[in-house]
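Heads up: the structure comes next, in structure tokens.
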Amino acid sequence: MLKHTPFYPRTAPLMEGQAWRRWAGYVVASSYELLHDREYHAIRSSAALLDVSPLYKYLITGPDAERLLDRVVIRNVGKSKVGQVLYTAWCDAAGKVIDDGTISRLGEQTFRMTAADPNIRWLHLNATGLNVTIEDVSESTAALALQGPNARVILQQLTDADLTALKYFRLTPATIRGIPVTISRTGYTGDLGYEIWVDAPNALPLWDVLIEAGTPYGITPCGILALDVARLEAGLMLLEVDYISAHRALIESQKSSPFELNLGWAVSLDKAWFVGKAALEEEARRGAAWQFVGLEVEWDSLERLYAAVGLPPRLPTVAWRTSVPVYSGGEQVGYATSGCWSPLLKKYIALAHVRSEVARPGTPLAMEVTVEHRRKQAAARVAKTPFFNPERKRA
Amino acid sequence: MLKKATRYDAIVIGGGHNGLVNAAYLARAGKRVLVLERRPRVGGAAVTEEVFPGFKFSMFSYVVSLLRPEIIRDLDLPGHGLHILPLESTVTPMLNGDYLAAWADHDATRRELVRHSPRDAEAYDEYGRLMHHMARAVKPIISMVPPDPTSLSPRDLLGLLRLGKHFRGLGAEQFHALFKLMTMSSADFLDEWFETDVLKATKSASGIIGTFLGPRSPGTAYVLLHHYMGEIDGVFRAWGFAKGGTGSVSEAIASAARNFGAEIHTDAPVARVLVKGGRATGVALENGEEIRARVVVSGLDPRRTFLQLVEPNELPGEFVDDIKRFKFRGSSGKVNLALGALPNFTCMPGNGPHLRGAVSISPNLEYVERAYDDAKYGEFSRQPYMDVVIPSLIDPGMAPPGKHVMSIFVQYAPYNLNGGWTDAKREAFGDAVIDTIAQFAPNIRSCILHRQVLTPADIERITGLSEGNIFQGELALHQLFFLRPAPSWAKYRTPVRGFYQCGSGTHPGGGIMGASGRLAALAVLEDGV
């Protein structure tokens with residue numbers, strides 16, 4: 001049986017359409033309301049409250065905690081300061097990505113790692129001979145994401161921690177109306193926002209005070225459908241949707257290296273040995289064969305395709321998560337893995353794997369679209385990601 | 001402030017949304033453009049103002065309906081801050097304490113309709129499909145320069161031919177429906193489809209907005225179509241509430257225009273257009289300053305454009321006559337309320353999703369028609385039709401935390417009120433509005449912190465819109481397409497060479513659409529400035 005998150009007693013009564021979905025063995029809301037529109041706009045216009053408890057969370061402590069993480073992930077954990085959060089990926093020995101997530105440095109020897117998939121075995125395998133404790137705190141730690149332009153003003157009313165001083169990808173211990181929490185300035189929306197980490201027994205009182213303080217500022221409980229649109233606008237990829245874990249891939253071509261996932265910036269080749277380093281050094285020399293890019297489907301082209309059958313363009317208001325061929329001059333040069341209509345940007349956007357030769361922003365490509373049961377190609381252009389990157393995200 | 005030596009390619013008079021769109025397109029084409037706005041801020045009737053401290057209002061125009069998608073794209077308005085939030089539902093309280101609701105979810109709306117009439121619930125989808133086809137039939141017209149059916153120029157003939165082909169392609173059934181839409185009253189048209197009175201009343205309301213007509217007046221059915229054009233773009237979501245109010249739409253367009261190099265000057269009222277040898281050469285400001293330009297574009301309404309900015313002897317007498325006869329007849333007012341608490345509607349007590357959408361005060365057809373009867377004889381409606389929204393529930397930034405703003409569009413309030421508008425009449429009008437709302441939400445009076453009442457006379461005084469008509473001239477069939485604003489001069493050009501018109505008094509006009517501004521810019525560019 002699937003589990004409920006600690007917020008279930010609050011989220012369940014909000015479910016107008018009972019639109020639950022699965023996430024890492026839990027059920028969470030696709031959308032609370034029948035349509036996800038308002039939940040999406042809350043992310044961009046006021047504030048959205050998301051239950052992100054199903055994330056895998058590991059507490060890694062001990063004198064060798066830093067060494068373990070530096071062995072496993074591609075970024076340089078040793079350079080991080082207490083209170084810093086790193087977004088990173090980790091690879092197998094062949095330099096192919098297993099998963100991506102965040103590492104929060106809670107203390108000199110204390111880290112919290114989040115992951116989309118279970119990784120405890122992989123961590124243990126790499127901890128041989130190290131003085132480190134790895135604890136799976138996925139169930140005992142609940143998490144809420146408060147995302148949107150009003151996130152700060154809502155949260156600041158409830159805590160003494162100075163949130164203006166809390167920079168992007170930093171965290172602080174705090175109390176929210178007496179409830180001990182960790183607040184990190186992170187999220188999966190590409191907007192101003194925070195994630196709040198709390199011991200599961202305190203989950204419900206935390207939810208209640210946030211709703212109470214947030215209501216005058218338009219706080220809106222928000223499900224995964226809305227988040228999916230926001231993360232696409234932010235150009236953020238999703239495991240098992242946009243790429244396949246090297247641990248799950250059945251054939252070589254299903255795997256991706258960090259360079260192929262637009263994560264070259266995160267690869268710290270200057271640090272000591274880590275899993276996959278040799279392969280990544282080699283790939284850095286050779287250059288990646290693939291790139292992970294943004295695509296903008298051109299409206300006029302799409303409109304023409306639909307006008308030919310007497311219809312206005314049908315736009316994906318719910319993000320799709322399938323593999324769609326991408327062409328250049330009639331040749332298939334890649335595939336898009338997720339896409340949606342951006343209600344904010346008024347653009348049809350997608351994330352795609354394409355051959356490196358056609359990955360430069362502005363390159364004209366074509367993406368397959370199905371118009372009235374027939375396969376057509378709509379003109380598209382490689383676009384810089386994030387598609388949407390408001391100043392408030394970092395300000 | 002202005003360097004007199006500077007010579008502009010184009011001066012746009014009036015920084016309303018169409019003037020700004022016009023300037024943006026001209027600047028985008030590389031022209032040196034100057035926009036002159038009389039008021040301290042741009043936007044015209046699409047302005048957001050902090051009328052009471054902490055309470056912001058879309059003072060006049062309050063929803064974005066038909067802003068053209070091509071304009072949003074061409075000017076990258078989202079990149080300049082445009083964010084349209086969904087306005088999802090409409091609830092109509094009834095006199096017997098019941099209500100009719102239309103929700104964003106199709107099934108939810110259907111179930112609600114079944115409650116009133118299972119037959120109407122089924123007709124509703126069929127009606128929607130017909131209107132979809134009708135809107136698609138009419139939509140191309142919005143983005144085209146209206147061809148003149150009396151002209152023999154190849155351009156006009158070609159345009160007419162295309163249009164003819166387009167209409168022939170509709171098929172007999174749809175063509176007949178279109179003809180009915182063009183000629184019938186909205187009440188009669190809706191009678192053919194539905195039996196639920198409150199449904200017909202609420203739908204018919206969209207056929208009378210901005211006109212001096214009632215739901216039983218012929219010609220109003222056509223205006224229903226405008227709503228469905230928004231529906232076609234529905235998935236595109238150009239329909240809704242602009243974050244920050246409608247002023248933020250104007251600000252986004254202004255920002256795009258500046259980005260393309262246009263200069264925008266506020267507090268710069270234009271006295272007249274300078275004409276030499278039948279050609280516009282620039283403008284004279286009210287402070288006497290003269291600025292030269294190769295062309296001048298007016299975003300003001302036809303009356304101001306031709307009877308105020310230009311000397312009558314520069315224009316043909318017949319044309320002046322036509323413009324004098326162009327009907328404005330402002331018929332609507334606006335009441336803006338600052339609220340300390342939310343209204344409690346008897347039909348749906350408490351806070352709920354209905355408050356985040358529109359509340360339509362149109363309990364039955366007779367109610368709306370009677371509201372018109374008052375206006376016909378020179379009085380404001382004692383029981384007016386109203387469209388009520390609470391923007392702060394959609395966009396909390398419009399009011400201080402926990403407080404709210406309410407925007408009430410009110411019809412009818414005739415510009416030519418018996419005895420004229422006075423302060424006392426304005427307050428009496430405001431009282432009638434509040435009294436009517438109180439019938440449906442009895443606690444409304446105790447919620448009100450501040451009240452702003454705007455009559456057509458106020459709308460004219462503040463925005464300059466003649467007779468307070470929100471569309472720069474009635475959206476009546478005899479004032480549309482190749483007749484807007486006058487026969488032979490419906491293509492943005494005027495009898496004065498180098499002088500153009502770009503306001504919503506030209507085709508296609510009406511609403512925050514921007515189409516007039518864009519098409520006028522294309523006309524200017526085509527003439528080779």
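The values are calculated or read from the model by the stated rules, or taken from the named source; none is laboratory data. Not measured: the values here are computed from a predicted model. FYI the Cβ positions are ideal-geometry reconstructions off the backbone, even for glycines, and counts take in every protein chain you see. Note: areas computed on protein heavy atoms with side chains; ligands, DNA, RNA excluded. Shrake-Rupley method; radii C 1.70, N 1.55, O 1.52, S 1.80 Å.
Could you tell me what percent of the accessible area of the range A:140-195 is made up of carbon and sulfur, with a 1.4 Å probe and every protein chain present?
Working: 990 of 1900 Å².
Roughly 52 percent of what the probe reaches on the range A:140-195 is carbon or sulfur.
Given a cut-off of 25 Å, name the pairs among A:K277/A:K384; A:K79/A:K277; A:K277/A:K393 whose C-alpha atoms lie farther apart than that in the structure shown.
Violating the 25 Å limit, Cα to Cα: A:K277/A:K384; A:K277/A:K393.
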Coarse-grained scattering of the range A:154-237 at q = 0.13, 0.16, 0.21, 0.24 Å⁻¹, given as base-10 log I(q)/I(0) from a Debye sum over alpha-carbon atoms: -0.44, -0.68, -1.12, -1.31
With r as the distance between the Cβ atoms of B:E290 and B:L160 and R0 = 51 Å, compute the FRET efficiency 1/(1 + (r/R0)^6) and round to 0.05. 0.75
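Using a Förster distance of 25 angstrom, determine the FRET efficiency expected from the C-beta separation of B:S446 and B:T422, and round it to 0.05.
On the way: r = 28 Å, r/R0 = 1.12.
Computed FRET efficiency for B:S446 and B:T422 comes out at 0.35.
Rounding to the nearest 20 debye, state how big the charge dipole of chain B is about its Cα centre with +1 on each Lys and Arg Cβ and -1 on each Asp and Glu Cβ. Mind dumping the intermediate values first?
On the way: 57 positive and 55 negative charges, 337 e Å.
Rounded to the nearest 20 debye, it is 1620 debye.
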Computed ³J(HN,Hα) along the range A:329-336: with the Karplus parameters 6.51/-1.76/1.60, θ = phi - 60°, integer Hz and x for glycine or proline, the list is x, x, 8, 6, 10, x, 7, 8
Label points 7 Å out from Cα along the Cβ direction at A:I120 and A:L34: separation in nm? 4.3
Where only C-alpha atoms are counted, convex hull volume of the protein assembly as shown per residue in Å³: 186
How about A:K57: which aspartates and glutamates have a C-alpha closer than 17 Å to its C-alpha, ignoring those fewer than 8 places off in the same chain? A:E66, A:D99, A:D100, A:D117, A:E135, A:D136, A:E139, A:E195, A:D199
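Beyond 21 Å, what percent of the Cα pairs of the range A:57-136 remain? Mind dumping the intermediate values first?
Values: 466 of 3160 pairs.
Value for the range A:57-136: 15 percent of Cα pairs lie more than 21 Å apart.
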Suppose every Lys and Arg Cβ carries +1 and every Asp and Glu Cβ carries -1, with no other charges. What dipole size does the protein assembly as shown come out with about its Cα centre, to the nearest 20 debye? 2120
What's the center-to-center distance, using Cα atoms, between the range A:158-180 and the range B:353-422 in Å? 45
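Restricting the count to DSSP beta bridges whose residues both fall in chain B, what percent are antiparallel, rounded to a multiple of 5?
70
Accessible area per residue, 1.4 Å probe, Å², for the range A:57-136: what's the number? Let's see the in-between values first.
Numbers: 2990 Å² over 80 residues.
That works out to 37 Å² per residue.
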Among B:A424, A:G330, B:A280 - extreme Cα towards positive end, dipole of the protein assembly as shown, charges at beta-carbon: B:A280
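Please calculate how many Å² of accessible area the range B:328-463 carries per residue, with a 1.4 Å probe and no DNA, RNA or ligand atoms counted.
The answer is 33 Å² per residue.
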With Rh as the Kirkwood radius over Cα pairs, chain B has Rg/Rh of 0.96
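If you take the accessible area of B alone plus A alone and subtract the pair, what total do you get in square angstrom, rounded to 100, with a 1.4 Å probe?
Working: alone 20580 and 17180 Å², together 35570 Å².
Roughly 2200 Å².
I need the peptides B:194-206, B:278-290, B:326-338, A:377-389 ranked by packing, meaning the mean over residues of other C-beta atoms within 10 angstrom, with the highest value on top.
Details: B:194-206: 22.8, B:278-290: 15.6, B:326-338: 24.5, A:377-389: 19.1.
Result, highest mean first: B:326-338, B:194-206, A:377-389, B:278-290.
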Pull up the cross-link candidates among the aspartates and glutamates for B:K491, meaning alpha carbon to alpha carbon under 14 Å and not fewer than 8 places away within one chain. B:D148, B:D156, B:E526, B:D527
Using only the alpha-carbon atoms, what does the range B:384-526 span along each of its principal axes? Please give whole angstrom values in decreasing order. 57, 40, 24
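Under 37 °C and 0.692 mPa s, how fast does the range B:163-212 diffuse according to Stokes-Einstein, given a Kirkwood radius computed over C-alpha pairs? Answer in µm²/s, whole number.
Working: Rh = 12.3 Å.
D = 267 µm²/s.
Looking at the calculated P(r) for the range B:328-463, what percent of the C-alpha pair distances fall above 17 Å? If you can, show how the numbers build up before the last one.
Working: 5293 of 9180 pairs.
Across the range B:328-463, Cα pairs with separations above 17 Å total 58 percent.
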Counting only Cα, what are the radius of gyration and maximum Cα-Cα distance Dmax of chain A, in Å? 21.3, 68
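Rounded if a/c is under 1.5, else prolate if a/b beats b/c, else oblate: with a ≥ b ≥ c from the C-alpha gyration tensor eigenvalues square-rooted, which is the range B:52-133? Can you show the working numbers first?
Numbers: a/c = 3.25, a/b = 1.54, b/c = 2.11.
It is oblate, given that a/c is not under 1.5 and a/b is not larger than b/c.
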Determine which aspartates and glutamates satisfy two conditions relative to B:K243: a Cα distance under 13 Å, and not lying fewer than 8 residues away in the same chain. B:E251, B:D395
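Restricting things to Cα coordinates, could you compute the convex hull volume per residue of the range A:258-324 in Å³?
Details: hull volume 9.5 nm³, N = 67.
Considering the Cα atoms of the range A:258-324, their hull volume per residue is 142 Å³.
Given the range B:3-148, what whole percent of its Cα pairs are spread farther than 20 Å?
Details: 7286 of 10585 pairs.
More than 20 Å apart: 69 percent of the Cα pairs in the range B:3-148.
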If one computes the Cα centroid of the range B:106-162 and of the range B:280-299, what distance in Å separates the two points? 41
Just to verify a number: FRET efficiency for A:S356 and A:E108, C-beta to C-beta distance, R0 = 51 Å, to 0.05? 0.80
Sticking with the crude label model, points 7 Å out along Cα→Cβ, report the distance from B:D74 to B:Q439 in nm, one decimal please. 4.6
What ranking, highest mean first, results for peptides B:346-357, A:136-147 when packing means the other Cβ atoms within 10 Å averaged over each residue? A:136-147, B:346-357
Largest-first semi-axes in Å of the equivalent ellipsoid built from the Cα gyration tensor of the range B:312-379 are 42, 17, 10
For the pair B:F179/B:K276, report the inter-label distance in nm, with labels modelled 7 Å from Cα in the Cβ direction. 5.5
